[in-house]
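Following: one structure in structure tokens, then a few remarks.
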Amino acid sequence: MLEIKPIFHALCRSKVGAILLLIQIAITTAIVSNAAFIIQDRVAFLNQDTGYPEHDIFKFNVMTFGQDVDINQQIELDETMLRSLPEVIDAAMSSSIPLSGGGSASDFSLKPAPQEGLSVRTAYFFIDDHGINTYGVNLVMGRNFSEDEVLVTNNVDKRPSVTIVSQTLLNELFPKGNGLGQTIYFGETPLKVIGVVEKMMSPWLKDSRPDNLAFIPYINAKSLAQFVVRTKPDQRDAVMKEVENLMLKNYSKRVINNIKGLDELKNQYVAADKLMMRMLIVLITILVLVTALGIFGLTLFNISKRTKQIGTRRALGARKSAIIYYFLVENAMICGVGLILGCIAALLLGQLLMQHFSIAALPPSYIAGTAIMVFVMSLLAVFGPAKRAANISPSIATRTI
Amino acid sequence: MLKMNNISKLYQTEMVQTHALRDFNLHVDEGEFIAVTGPSGSGKTTFLNIAGMLEPFSSGEYLLDGIDVGKLNDNQRADCRNQKIGFIFQGFNLIPDLNLYENIEVPLRYRGIKASERKRRIEQCLEQVGLASRAKHLPQQLSGGQQQRVAIARALAGEPRFLLADEPTGNLDSLMARQVMELLEQINRDGATIIMVTHDPELARRAPRNIQVVDGQLADFTLYQGAQNLKNVAGA
């Protein structure tokens, strides 16, 4: 028993409530589909593989104020001490810390500066031959630095000659895949690529090149230095508690601070993204709830307005199921038009966001998914009131209301 | 055709029990035109609601066309209403968002009648009530008398065994009321069985058979024409 035509005609003759509701549905669809996509994008961003065992790594800063020490020598002593701890897998001084939001970057090129050639923005760490093991990254091609390739010096004119780079960087500089053993330029300094790491992220996850990273075997210790330590699984907290005492025992005229896990650094860096994601989740939850309440309220209003009409329909032979069906079809028609408008609005909003906020194009699957969700939600919202309408007694038709 | 044996209807609240109908007995034969009168609150509308299966009764037996109404479930009662009974309400009860054609179509759709057959019946009924040219009008574009004629057309379209009319002229002026009454008489002459609840003694007198409901019981049972004859004889 299809009543689509008379329901449509009835809606056309009494359309204000329906139009308001379909606008609400359209707005909800447009915003929810885009917000859901942004949330999914952020979730993928937050859960991406960084290449590091974040929960086993921590860093700390060392600020040496004592003048009676050779810092380079002291750092070697500290590294030796740290590496000798039974809970520690490896430790190294690192000029920058990944995922922290702070570090150094430069253009790495196929030609020495100032010649122009293919150059790629790259983060770089000055680190010794323990860097690979300390960061726990996976060397997939070539080899690690040898001890004699690590340049420990206070003379800034001396330059290292080799580098280990991330796979992404190598692929970008050498798309044919023949980069291992080739020379790339860090400014004017030629560096031979001796090893390739499968994945390691730079300090900036939101950078345009977040996984372009180069290790350079160069140690030029200064009064302010950063250490990275990788411990055995579940041993990190214990070492973090002890590291200050151990370092001060080695040499006391310095301050050890900023002892933080790599996961904590990452969390600090992505805090704004998490906040935005939570706000979007709250926003779409509220929107969906308000829309559901709107449908629920309008249906209840329609029922109270049409009590006599419903009683009359029942008197004329409508089964309870026919009354429920009537309201479901009526809602589906309003919702259908709202969803068509909402899908168009979602596409337009997606394009606007893409233009102004560098967000990827909204995939149609998100619009379709949101439309289905809103449609199901609207049917659920209308079902309760429709059931209540179906229970209106047909005897209401003979009463004066 | 319609048999009510000892029908009672009890409305019960926490504080009060009210007998709207008690031991109500009535037999109606095919083709009759019965006027039901009685003071306000006497149980006329309750009788009509039970006769039209719009509400259940508390005890007794009600047979409609041989069907024991008391044993029907909600869906069966709805189907039975749709197929056997045509309603004419005091307030017309037309659906304001639907035009005349669509209003008359409502019970036919519930019966699952095909569109072409619906069209034929609707046009025929609109013709019968003299509103064929106004099929696309909305109810509010018509006078009260015209609206009641549409309601009659809606009741007739299902070709019911019974017409139940609840104060069909209650909201109409005397001229319109007379027109509607003439239409009902015509329908009765064409073979329909009509039970009409009315306050109006004038209208009731036009029905061949009158029954009076007082305090939920059948108080007086008169074949009006017979009574009229007796009265005439007595007067002579």
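We did not get these values from a lab; they are worked out from the coordinates using the rules stated. Given the structure is predicted, the values throughout are model-derived calculations rather than measurements. Reconstructed Cβ throughout: ideal geometry from the backbone, glycine too, with neighbour counts over all protein chains shown.
Report the net charge of residues surrounding A:THR153, where surrounding means a beta-carbon distance below 14 angstrom and charges are Lys +1, Arg +1, Asp -1, Glu -1. Please list the in-between numbers first.
On the way: positive: A:LYS158, A:ARG159, A:LYS222; negative: A:ASP70, A:GLU76, A:ASP128, A:ASP148, A:GLU149, A:ASP157.
Neighbourhood net charge equals -3.
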Calculate the spin-label point distance for A:VAL255 paired with A:ASN47, positioning each point 7 Å from the Cα along the beta-carbon direction, and give it in nanometres. 4.1
Helix B:174-189 sits off the longest principal axis of the Cα atoms of chain B, rounded to the nearest 10 on a 0 to 90 degree scale, by 90
Name the residue, out of A:GLY350, A:GLY187, A:GLY177, whose mean-square fluctuation peaks in a Gaussian network model built on chain A with Cα pairs under 10 Å. A:GLY177
Relative to the Cα centre, what is the charge dipole magnitude of the range A:18-147, using +1 at the beta carbon of each Lys and Arg, -1 at the beta carbon of each Asp and Glu, and rounding to the nearest 20 debye? 780
Going by the alpha-carbon gyration tensor, a ≥ b ≥ c the square roots of its eigenvalues, is the range A:66-252 rounded (a/c under 1.5) or, if a/c is not under 1.5, prolate (a/b greater than b/c) versus oblate? prolate
Once the dipole of chain B is set up from charges on Cβ (+1 Lys and Arg, -1 Asp and Glu), the residue from the list B:GLN212, B:GLY145, B:HIS19 lying farthest towards its positive end is B:GLY145
Positive-end residue, the range A:66-252 charge dipole about Cα centroid, Cβ charges, pick of A:ASN138, A:ILE194, A:THR168: A:THR168
Using only Cα positions of the range B:46-110, each an equal point scatterer, no hydration layer, compute I(q)/I(0) via Debye at q = 0.15 Å⁻¹ and quote the log10 values to two decimals. -0.55
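Looking only at other chains, what is the average number of their beta-carbon atoms within 10 angstrom of each beta-carbon in A:387-399? Could the numbers behind the result be given before it?
On the way: counts 0, 0, 0, 1, 1, 0, 4, 10, 10, 4, 8, 17, 7.
What the average comes to for A:387-399 is 5.
In whole Å and largest first, what semi-axes does the C-alpha gyration tensor of the range A:26-65 yield when each eigenvalue is scaled by 5 and square-rooted? Write out the running numbers ahead of the final one.
Working: eigenvalues 323, 37, 6 Å².
In descending order the semi-axes read 40, 14, 5 Å.
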Run through the range A:23-114 and list the chymotrypsin sites (Phe, Trp or Tyr not before Pro) located in a DSSP loop whose Cβ has at most 14 other Cβ atoms within 10 Å. A:PHE65
Value of relative contact order over chain B, rounded to a whole percent, pairs C-alpha under 8 Å and six or more apart: 29
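Counting each DSSP H run of 4 or more residues in the protein assembly as shown as -39500 (n - 2.57), what helix-only mean residue ellipticity at 222 nm follows after dividing by all residues, to the nearest 500 deg cm²/dmol?
Numbers: 19 runs with 292 residues, N = 637.
After summing the helix terms and dividing by the residues of the protein assembly as shown, the value is -15000 deg cm²/dmol.
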For helix B:224-235, report the angle its Cα long axis makes with the longest principal axis of the Cα atoms of chain B; keep it between 0 and 90° and round to the nearest 10°. 50
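Please identify the helices of chain A, taking whole runs of DSSP H, that span at least 30 Å along their own axis as judged from the Cα atoms and have a mean Kyte-Doolittle score of 1.6 or higher.
Details: long enough: A:16-46 (44 Å, 1.76); A:271-305 (50 Å, 1.69); A:320-357 (52 Å, 1.49); A:364-390 (38 Å, 1.24).
Span-like helices here: A:16-46, A:271-305.
What is the order of A:MET377, A:MET200, fewest Cβ neighbours within 10 Å to most?
On the way: A:MET377 18, A:MET200 28.
So the ranking, lowest neighbour count to highest, is A:MET377, A:MET200.
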Relative to the longest principal axis of chain B, what angle (0 to 90°, nearest 10) does the C-alpha long axis of helix B:74-84 take? 70
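Jot down the per residue volume, in cubic angstrom and as a whole number, of the convex hull over the alpha-carbon atoms of the protein assembly as shown.
Details: hull volume 153.9 nm³, N = 637.
Roughly 242 Å³ of hull volume per residue.
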Hey, for a label at A:SER106 modelled as a point 7 Å past Cα toward Cβ, could you say which residues of the range A:137-173 have their backbone N under 18 Å away? A:150-166, A:169-170, A:173
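Treating only the Cβ atoms of Lys and Arg (+1) and Asp and Glu (-1) as charged, compute the dipole magnitude of the protein assembly as shown about its Cα centre; round to the nearest 20 debye. If you can, show how the numbers build up before the last one.
Working: 64 positive and 61 negative charges, 531 e Å.
Dipole of the protein assembly as shown, to the nearest 20 debye: 2560 debye.
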May I ask you to list the aspartates and glutamates whose Cα is less than 16 Å away from that of B:LYS3, ignoring any residue fewer than eight positions away on the same chain? B:ASP23, B:ASP29, B:GLU30, B:GLU32, B:GLU61, B:ASP65, B:ASP68
Under 21 Å Cα-Cα from B:LYS136, which lysines qualify once same-chain neighbours fewer than 8 residues away are excluded? A:LYS5, A:LYS15, B:LYS114, B:LYS119
Positive-end extreme of charge dipole, the protein assembly as shown - chosen from A:PHE8, A:GLN226, B:GLN124 (charges on Cβ): B:GLN124
Can you sort A:SER109, A:SER33, A:SER304 so the residue with the fewest Cβ neighbours within 10 Å comes first? A:SER304, A:SER109, A:SER33
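Let me confirm one metric for peptide A:298-311, namely the mean number of other chain beta-carbon atoms within 10 Å of its residues' beta-carbons. The partial results should precede the final answer.
Details: counts 0, 0, 0, 0, 0, 0, 0, 0, 3, 0, 4, 7, 1, 3.
Shielding by partners across A:298-311 averages 1.
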Note down the magnitude of the dipole of chain B about its Cα centre, charges +1 on Lys and Arg C-beta and -1 on Asp and Glu C-beta and zero elsewhere, to the nearest 20 debye. 520
In terms of the Cα gyration tensor, with a ≥ b ≥ c the square roots of its eigenvalues, is the range B:2-235 rounded because a/c is under 1.5, prolate because a/b exceeds b/c, or oblate? oblate
Antiparallel versus total DSSP beta bridges in the range B:2-235: what percent is that, nearest 5? 55
